[in-house]
Structure formats: structure tokens, C-alpha cells
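The values are calculated or read from the model by the stated rules, or taken from the named source; none is laboratory data. Note that this is a predicted model, so its numbers are computed, not measured. For neighbour counting, all protein chains shown are included, and Cβ atoms are generated from backbone atoms with ideal geometry for every residue, glycine included. The accessibility values were calculated without ligands, DNA or RNA, using every heavy atom of the protein model including side chains. Shrake-Rupley method; radii C 1.70, N 1.55, O 1.52, S 1.80 Å.
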Amino acid sequence: MVHAATIAPATSPANRPGRAQTRSGSMGSFRAGSPLPSLPPNRAIISSLRRVPTQHHYQTFPTPPPRTAGRRPGTGSSSSGSQGHDHHGTTTPLPIKQLALLALLSLSEQTALNSISPYLPEMIESFPGVSHDEVGLYVGLLASAFALAQLATNLLWGYLSDIIGRKPVMLLGTLLLCFCFTAFGFCTRYFHIVLVNVAMGLLNGNAAVVPTCLGELTDRSNQSKAFTWLPVVYSLGSITGPALGGLLVGKVAKDRYPFLAPNILGASLLALTVIVLSIWFEETLEEQIEVPHWSEWLPWLSSSTKPTENGTTRSWTWPGGRDSDNEQREANDDDAREDSTLLGPQEDENGEDDPKSSHDTTTWRQLLNRTTIVLLSTHLVFQLSNSSFNSLYPIFASGETPTGRDLHADVIGVSLSVAGVFTILFQLFLFRPLKSHLGNVRSYRGSLLGFAITMALIPFVGYEDSSPPFGIGSSKSWLYLEIGVILIIKNICAVGGLSSVMLLITNSAPTHASLGTLNGIAQTLSAAGRSVGPFLSGGLFTVSTHVQPKGEALAWGLFAGIALAGWLGSYAIHGEGLESTDDGYEAHATQADEHASDNPA
């Protein structure tokens, strides 16, 4: 039943409040504090790329109309005053089909990417002009090139997904990655794989878009369940990828292209994923943000006049200026919008109750507020610490004594696999109960502290020929036990911290429409950390071989200090709405507050 609405008195265009703010919305400027650029409705080129909403929301309904499956409900940013589902204490059902498709995409992508690592040193050594002693250097350069390529385009992919939608960006990036893997198997020179690897990093933005989709498919009442599975899928990919890559080397065209088979498999998985997602995945972005027409960005390249919809001509001015035709057309558009507010479709059924509505205009100052800046800064430290540990451990374990531990490759591989299995079990059965007591912020903070502790301890593990502690067992068994415990703790901190920081970044976004841009910034900083980590860790360990005694503590100690600095910085993370409501953390916090008030000191 349609209820009557109170109609506010009309105001003249000249006196209508917000006119100055409306003008600044079309300026082609990304200065802090200025609104994100907007697209006038007659821009056919960009508008043709937009998804037409499949559902209208009407503000005249006394209750919200039914949702389309898989859409993110509107939630408030306040922990205590959550809107929608959170307000009533109910849990929103998870969109299983959408999440399963995202898991398929992540698993196929991680399997393909991780399938390269087992044969990459052998592949590089087979190239002309590469000696055995230089293989490690060339492998490190290749890893850093991929991360730097991601650094250059992650933000662009995230911002593009805010404009044309998440699904087109995921399909395009996955398809381009499929072509890159096919080309990788035909490489016969080192510069060939460098170019292909750089293309893999440049042309695929799924690292930024997949967490964004998860944020839009969930709300604070169910997001912990969804975000817990993403690191598990990554861990599975780190197991299936190397296994398939190592087993398939030399199976196709062994004499000319011995490394083609693993890449054909990876490309096939990605192509199948593109087909499946294109058929069944539903767009998650309810309304794309608007961008200016090229002539508003570069007005000096546009013609002096352009025909408008009513047949008149428009005079283009420098961004921020307006002529009389623009003023009159703006006034007519505003009047038309006011006349349609009674029965016109709205973009969110919660209307004004949702402070993160997708139709809100977000400025860069709002996007990069104190909370998001601290989160992004500590996220950079988190990724730098994680990538440095991953790069430094094989070098340290295989290095000659006394700086290294002189372990064989099979022992290193088994240690990583065992730690990976324990990590998956922890993520599936222990992480959510633990996070329900700690919350997102403290779980993330504990992960950074765990990085610092493990990096500080690993230089002090024993040697294969050292005396066993207390004379119990063998020195080799103690070495394996010590390394295994440290790797398990580190991996638990890595996956737990990744889950928590993704939730924090998602919940800190000022609006739903800006989530892709914010995740793009986060993945850009992640790529920066992953590009610096391998270079810095390898160089420091080389220097540490000339330092006695305990030269290995130089590299490990430096990164332990960086992680400790990130842990201290995490105490500056404050903000409303950062915690999830589906893990019971807020209930525990409320009970603790009530207990404290009932029992004052």
C-alpha cells in the first residue's frame, strides 16, 4: 500500500541549496576534498558500458521490497547502531552460488599462478646466457617484476570496476591472464618470460575486485563466514598449483617446449572459469560511480560547441565554469528530479538510513580518512613482512652453515606443505571462534605481533649436527620441530591477518560504490610490499653471510622490527563499524561492558 508523503515546497533553481556543490561535481579534478568525478546523463559512450539495474526500489513502500539474490544489504557504519539486518540482530543468508563462483575463480587463478614455481628455476636455467649461479637472481627479478606490474595497475582496475561493474573487470582480467599463460609456455628466452610475467601483473585486477565483490555480497551479519574462506582457497591453490605444475613438465612437446603442458592446463582452467562466470555470476555493484566526459577532462581539445538534447548548442568552458545553457539545463534536471521523488525509483530501499548508500558522492578526503590511511599503512607493513618471510625462509633454510641451515629442497618443501595443512585446519575450525573473542582489529594486531615474534625466533633454531636440548632426541628432530612450529605460527598469522584486514578495509569504506577504489589502493600497496620484500630480503641475507656470529639475525631482525612497528601502528586503528556482527564479538563486548558496570572497581 502506498502511503502519502509530505511534499516540501519547491525552491527556485537560483536559490536551491547545494548549487555550488553540484557545480564542483563535474570538475575533472582529483584534489583531496573534491567529489569523485561525475558523468552527465547524456554521455552515451560510458553509459553504454553500464549495467542496467534489474530492480527498482521505491521509497513509498512501508517496508523494503524483496532483494535480488546476491546483493549486499545496506548497513550502517556504526557498531552500536547498525541498520537493516544488524539492527534486528538477525543474520543475512549467504549467497552461496555467488560465493562458490568467486571461490572457483580464486582457486583456478591461484592454481595457475602457483603452478609456475616448481619448474621456474629449471626453465630459467635452460635459457641461453643464464648460468647456474645466476638462477636465483633471475627468479627474484621475475617475482619483483610481477609485483611491480600489479603495483602499476591495481588501483586502475579497482577504479574501473567502480565505473563499469565488477563482473566485466573480472571476466576481462581472467581472459587476458588465460592468454598470458598460453604464451608463457612458448617462451624460449629470459626476456620473453619477463614480458609475459609483466603482462600478467598489468592485465589482471582480480586481486582488488574479488575482495570487493565479497564486501558487496555480504554485510556485517555474515561477512566473517565469507571472508574466512578466501584465504583457505588461496592455501588450496598453493598446494594444487605446485603439484600439477611439477607433474606435467615435459608431458607435451618435450623437446621444444618442455614447460608448455602446465601452462596449457592453467590457461584451460582460466578459460573454463570465464565461461562459467559469464553465464552464472551476477553483477554485485548496484550503481556505478560517474566519471566525466573526456571533453570535461580536456576541454581545450573539444570543439567550442556541441549539440545538446534539445537541439541547442553548448559552450564548453574550463572545468568548474558554466554558461547560461548549462545553468538552465541543470535547473530543469533538478526540477525533474524533485518532481519524481514521490513515486520515482530509489537506489537503495533503506534510503537515508544507510550512510553507505551507493549513490552518495564520495570525495577523496572522505575515502582516505584517518582510519583508512592507518589501515592501508599497516597493510603495507603486513604484506612486506609476509613476502619477506616467504622469500627469506628458503634462502635461509638451504644456505650453508653457519648463516643457513643447509637443508635439502625436499625437506623445505615438506615443511611448507605440512605448515599449509595445519593452516587450513586452523582457518576452517579455530579462526572464527578465536576471532569472536578478539574481533577484527585485535586479530589483525595479533597477526602483526606474530610476524615479529616468529622472525625474531627463527635465527635461533638449531643445526642438524648441534647438540639436542636436554639431551633428548636427535638434533635433526629438534630442528624440524622448531622450524615446523615457527612456520605454522607464521602461516596462521598470515591467513588470519589477511582475513581480518580484508574485513577492516571493507567495513572502513565510506560508501559501497567506493569499495572497489579502496581495495585497489590496498592491493597496490600490497604489490609494493611484495615487490620490495624479495629484493631487500635477498640482499640482506647476502650481507649477513659476512657477519659473524649470528649473521642471519641481521636480516630476520630487521624485518621483525618492521613487523613490530606495524603492530604498534595498529593501535591507531579506531572507527565505528569496523567489527563484524556474525562472529559474536559484539555480544561478548556487550556482556563484558555490562559485567564491568555491575562490578565497578
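Taking θ as phi - 60°, what are the ³J(HN,Hα) couplings along the range 176-189 by the Karplus curve (6.51, -1.76, 1.60), each to the nearest whole Hz, with x for Gly and Pro?
5, 5, 4, 5, 5, 5, 4, 5, 4, x, 9, 6, 10, 9
Any idea of the accessible area per residue across the range 445-509, 1.4 Å probe, to the nearest Å²? Display every interim value, and only then the final one.
Details: 2450 Å² over 65 residues.
With the other protein chains kept in place, the range 445-509 gives 38 Å² per residue.
Report the label-to-label distance for residue 192 and residue 545 in nanometres (one decimal), using points 7 Å from each Cα along the Cα→Cβ vector.
Result: 3.1 nm between the two label points.
Put +1 on the Cβ of each Lys and Arg and -1 on the Cβ of each Asp and Glu in the range 99-238; which of 148, 215, 171 then has its Cα farthest toward the positive end of the dipole?
Selected residue: 215.
Using amide H atoms built 1.01 Å from N in the peptide plane, name the residues 5+ places from residue 205, or on other chains, whose amide H lies under 5 Å from its own.
173
Per residue of the range 534-550, in order, report the coupling 6.51 cos²θ - 1.76 cosθ + 1.60 (Karplus, θ = phi - 60°) as ³J(HN,Hα) in whole Hz, putting x for Gly and Pro.
Computed from phi, the couplings for the range 534-550 are x, 4, 5, 5, x, x, 5, 5, 4, 5, 5, 5, 9, 10, 9, x, 6 Hz.
How do 200-210, 449-459, 113-123, 413-423 rank on mean C-beta neighbours within 10 Å, highest first?
Working: 200-210: 24.9, 449-459: 21.0, 113-123: 19.5, 413-423: 16.8.
Top of the packing list down: 200-210, 449-459, 113-123, 413-423.
Using the Karplus curve 6.51 cos²θ - 1.76 cosθ + 1.60 with θ = phi - 60°, work out ³J(HN,Hα) for each residue of the range 145-151 in order, rounded to whole Hz, and write x for Gly and Pro.
Along the range 145-151, the couplings run 5, 5, 5, 5, 5, 5, 4 Hz.
On average over all directions, what projected area in square nanometres does the range 386-514 have, based on the convex hull of its Cα atoms? Could the numbers behind the result be given before it?
Numbers: hull surface 38.9 nm².
Across all orientations, the range 386-514 yields a mean hull projection of 9.7 nm².
Can you tell me the alpha carbon radius of gyration of the range 124-214 divided by the globular rule-of-thumb value 2.2 N^0.38 Å?
Details: Rg = 15.2 Å, N = 91, 2.2 N^0.38 = 12.2 Å.
Here the Cα radius of gyration is 1.24 times the empirical estimate.
Report the calculated FRET efficiency for residue 417 and residue 254 (r = Cβ-Cβ distance, R0 = 35 Å), to the nearest 0.05.
Details: r = 27 Å, r/R0 = 0.77.
Computed FRET efficiency for residue 417 and residue 254 comes out at 0.80.
With the cut-off at 31 Å, tell me which of the pairs 225/251; 435/550; 167/251; 97/435 have Cα atoms farther apart than that. Walk me through the numbers before you get to the answer.
Numbers: 225/251 40 Å; 435/550 37 Å; 167/251 35 Å; 97/435 25 Å.
Check vs 31 Å cut-off fails for 225/251; 435/550; 167/251.
In terms of the ratio Rg/(2.2 N^0.38 Å) built on C-alpha atoms, what value belongs to the range 440-592? Can you show the working numbers first?
Working: Rg = 19.4 Å, N = 153, 2.2 N^0.38 = 14.9 Å.
Compactness ratio reported: 1.31.
Quick query: amide H of residue 407 versus all other amide H atoms, modeled in the peptide plane; which residues come in under 5 Å with a sequence gap of 5 or more or a different chain?
Correct list: 398, 399.
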